[in-house]
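I have placed the structure first, in the form of structure tokens, so that the comments after it can refer back to it.
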Amino acid sequence: MNAVIPERIKLYYREGSSDKVYQAAIEPADDMFVVNFAYGRRGSTLTTGTKTSSPVDYDTAKKIHTKLVSEKKAKGYTEGENGTPYQHAGKQASGILPQLLNPIEESEVGALLRDDNYCAQEKMDGRHLLVRKQDENVEGINKKGLVVGVPQTVANELRDLSGSFLPDGESIGDDYHVFDLLEMDGENLRPLPYRERLIRLAGLLLLADAAAKHVRLVQTAFTTKQKTELWERLRRENREGVVFKRHEAPYVPGKPNSGGTQLKFKFVATVSVVVAKINTRRSVEVSLLKGRSLVSCGNVTIPANHKIPPVGMVVEVRYLYAYRDSLALYQPVYLGPRDDVEPGECLVSQLKFKME
């Protein structure tokens, strides 16, 4: 066998309070090779794992390593130690960040239903997505501010609208549920009260062809009666949850440390977890970070219409609650991969525990 020099790469990511490192390496194992990785906060003890459950030949290891590095760079990691996201094939930094919501407890919902300063909308079970339309160009922006793809059905319908604009919404399959408008024909609408941005958004979508089916304005409830009816319907239909938004609030990118003008309550819990092990019969073990260590939170079955995710991938799981002693998820349901969440963000503190 010809001598092959093992490959190693160290990538960095820095944004806001995040300062992370990711290492990937092709390493010899007897006469074969494995692809190993390590990740964590810069300067801390790194969490390790492997992309190869058993040794493979060098060409296969090289393909796995190349794909892994490309995926991390697509999320904004760079080989430069300053960790600044840069443009590259696949994804690039857009320079735009969405406004994110803080969760609330059910005990806080009643006051918001009665508060005339807040409207309510359905919390969709999708992927947060901004869509920037400039002339004929349509591109998505995920919650990390990286440029991503847009469903062709959505791109086609938005392309039919004249002018340039930047809406905010949630993508579910081939559909886009829109709830805010940040820019319109070069005008920055973020400083405007939410109610005015919503009116401008409704006016934009009224220009859409009557046959449009995939871009939809999210229903908004304003009065106590309307909000209560929406709340009761969503709960009865086992929907994802409800969002409350203050009428007079501007659009502020990012998430407040606490509170804020946009709040969410979920009827069901979801959590981003790291795949720790591939089991038999289409099942994987998933884990979360507790301190600097990954701890198991049980197994989840992968439906037949989904690919089995590899070890190290972040995936989304819906569950009823977690057991406080074992951290195991009760009635977990696999929702799919999350390419906009880093493993270091998958914390035990996310969990909703069973009431004692």
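The values are calculated or read from the model by the stated rules, or taken from the named source; none is laboratory data. Since the structure is predicted, the reported quantities are computational estimates derived from the model, not experimental observations. Cβ sites come from the backbone with ideal geometry, for glycine too, and all protein chains shown count toward neighbours. To get the accessible areas, we keep the full protein, side chains included, count just its heavy atoms, and leave off ligands, DNA and RNA. Shrake-Rupley method; radii C 1.70, N 1.55, O 1.52, S 1.80 Å.
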Item to check | Subset of segment 21-62 (residues that are aromatic (Phe, Trp, Tyr) and either over 20 Å from Val274 (Cα atoms) or part of a loop (DSSP other than H, G, I, E, B) (or both)) | outcome: Phe33, Tyr58
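Which residues, taken from segment 244-263, are of a type in the set (D, E, K, R) and modelled with pLDDT of 95 or more? First the steps, then the outcome.
The first filter runs over segment 244-263 and keeps only residues of a type in the set (D, E, K, R), leaving 245-246, 248, 255.
Hits for segment 244-263 are Lys245, Arg246, Glu248.
Tell me yes or no: at least one residue of segment 223-235 is open to solvent by 80 Å² or more (accessible area, probe 1.4 Å), of a type in the set (D, E, K, R) and within 25 Å of the chain's Cα centre (by Cα).
Narrowing segment 223-235 to residues open to solvent by 80 Å² or more (accessible area, probe 1.4 Å): 225-226, 229, 232, 235.
Right, trim to of a type in the set (D, E, K, R) and you get 225, 229, 232, 235.
Cutting the leftovers down to within 25 Å of the chain's Cα centre (by Cα) gives us 235.
The answer is yes, given that some residue of segment 223-235 is open to solvent by 80 Å² or more (accessible area, probe 1.4 Å), of a type in the set (D, E, K, R) and within 25 Å of the chain's Cα centre (by Cα).
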Next on the checklist: So the check is Cβ under 9 Å with 6+ separation or different chains; which pairs have a first residue in segment 1-19 that's aliphatic (A, V, I, L, M) and in a strand (DSSP E or B) and a second one that's modelled with pLDDT under 80 and open to solvent by 50 Å² or more (accessible area, probe 1.4 Å)?
Outcome noted: Ile9/Glu79; Leu11/Glu79
Checklist outcome for this item: Contact list, first residue from segment 26-37 and closer than 8 Å to Asp57 by Cα, second anywhere and in a strand (DSSP E or B), beta-carbon distance below 8 Å, six or more apart or interchain, is Met32/Val56; Phe33/Ile26; Phe33/Glu27; Phe33/Val56
Next on the checklist: For the list (1) closer than 30 Å to Glu237 by Cα; (2) in contact (Cβ under 8 Å) with a residue 24 or more places away in the chain, I need the number of the one condition that Gln152 fails.
Outcome noted: (2)
Checklist entry - For the subset of segment 182-200 comprising residues that are part of a helix (DSSP H, G or I) and among the aliphatic types (A, V, I, L, M), which member is farthest from Asn117 (Cα to Cα)? => result Ile199
Next on the checklist: Need the failing condition index for Arg190 against (1) surrounded by fewer than 22 Cβ atoms within 10 Å (Cβ to Cβ); (2) without any contact (Cβ under 8 Å) to a residue 60 or more places away in the chain, just the number.
Outcome noted: (2)
Item to check | segment 305-356, subset of a type in the set (Lys, Arg), more than 29 Å from Ala24 (Cβ to Cβ) and in a loop (DSSP other than H, G, I, E, B), residue most open to solvent (accessible area, probe 1.4 Å) | outcome: Arg324
Checklist entry - Which of the residues spanning segment 98-124 are among the aliphatic types (A, V, I, L, M) and either at pLDDT 90 or above or in contact with a helix residue (DSSP H, G or I) (Cβ under 6 Å, 6 or more places away or on another chain) (or both)? => result Leu100, Leu101, Ile104, Val109, Ala111, Leu112, Leu113, Ala120
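Within segment 24-47, is even one residue of a type in the set (S, T, N, Q), within 24 Å of the chain's Cα centre (by Cα) and modelled with pLDDT under 80?
Within segment 24-47, the subset of a type in the set (S, T, N, Q) is 36, 44-45, 47.
From the residues that got through so far, the ones that are within 24 Å of the chain's Cα centre (by Cα) too are 47.
Pick out the ones that are also modelled with pLDDT under 80 and you get none.
Checked segment 24-47: no residue is of a type in the set (S, T, N, Q), within 24 Å of the chain's Cα centre (by Cα) and modelled with pLDDT under 80.
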Item to check | Out of Val348, Val341, Val271, sole residue that is in contact with a helix residue (DSSP H, G or I) (Cβ under 7 Å, 6 or more places away or on another chain) and closer than 23 Å to Asn102 by Cα | outcome: Val271
Checklist entry - Any residue at all in segment 66-75 that is assigned to a loop (DSSP other than H, G, I, E, B), open to solvent by 50 Å² or more (accessible area, probe 1.4 Å) and either small (Gly, Ala, Ser) or without any contact (Cβ under 8 Å) to a residue 12 or more places away in the chain (or both)? => result no
Next on the checklist: So in segment 287-301, with the set limited to residues that are over 17 Å from Tyr321 (Cα atoms) and surrounded by 14 or more Cβ atoms within 10 Å (Cβ to Cβ), which one is nearest to the chain's Cα centre (by Cα)?
Outcome noted: Leu289
Checklist outcome for this item: In segment 148-190, anything over 22 Å from the mean Cα position of the chain (by Cα), of a type outside the set (D, E, K, R) and more than 21 Å from Val243 (Cβ to Cβ) is listed as Asn156, Leu158, Leu161, Ser162, Gly163, Ser164, Phe165, Met184, Gly186, Asn188
